[in-house]
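**Q** For reference, the structure I am asking about is given below.
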């Protein structure tokens, strides 16, 4: 449903902005429970970046490769974290703040964290 407020403001739950060739480049969506999502597409029509804000306010950004796999995740759900994923979508490196202590974790081929590579105690 689209609601026109005035000449400069239109309210709707989904918005798609397309390039001159008709391919979507930006999609914005709000769910029934208030979660917001934004997706950005490259010229070939592949989703490259998503930004998501959950109902509880937690944020998430994902960057995708040519095959559509999220390779970099940035999340704020409790402790902030940046996760780098391999081509099989397995987490391989995680940077996080547990409490106030930054931690860098390398993960094995199954995504299981190894001993912390670096941990700073403040």
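The values are calculated or read from the model by the stated rules, or taken from the named source; none is laboratory data. All values reported here derive from a predicted model rather than from experimental measurement. Note: ideal-geometry Cβ built from the backbone for every residue, glycine included; neighbour counts use all protein chains shown.
**Q** If you take the residues of the range 92-115 that are outside any loop (DSSP other than H, G, I, E, B) and surrounded by fewer than 11 Cβ atoms within 10 Å (Cβ to Cβ), which of them is modelled with the highest pLDDT? Spell out how you get there, then give the answer.
**A** Initially, the range 92-115 is screened for residues outside any loop (DSSP other than H, G, I, E, B), giving 92-98, 101-107, 113-115.
Add one more test, that the residue is surrounded by fewer than 11 Cβ atoms within 10 Å (Cβ to Cβ), and what stays is 114-115.
Numbers: 114: 84, 115: 74.
Applying the filter and picking the extreme gives 114.
**Q** Check off (1) part of a loop (DSSP other than H, G, I, E, B); (2) under 22 Å from residue 11 (Cα atoms); (3) within 15 Å of the chain's Cα centre (by Cα) for residue 89 and give me the number that stays unchecked.
**A** (2)
**Q** Among what's in the range 15-29 and is surrounded by fewer than 15 Cβ atoms within 10 Å (Cβ to Cβ) and part of a strand (DSSP E or B), pick the residue that is modelled with the highest pLDDT. Explain how you work it out, then say what you get.
**A** Narrowing the range 15-29 to residues surrounded by fewer than 15 Cβ atoms within 10 Å (Cβ to Cβ): 15-24, 26.
Filter once more, so that each one left must be part of a strand (DSSP E or B): 15-18, 24, 26.
Working: 15: 87, 16: 90, 17: 89, 18: 89, 24: 90, 26: 95.
Going through the qualifying residues, I end up with 26.
**Q** Which residue out of 67, 36, 75 is modelled with pLDDT of 90 or more, over 18 Å from residue 16 (Cα atoms) and under 15 Å from the mean Cα position of the chain (by Cα)? Full working, then the answer.
**A** On the way: 67 fails: under 15 Å from the mean Cα position of the chain (by Cα); 36 fails: over 18 Å from residue 16 (Cα atoms).
That would be 75, the only listed residue that is modelled with pLDDT of 90 or more, over 18 Å from residue 16 (Cα atoms) and under 15 Å from the mean Cα position of the chain (by Cα).
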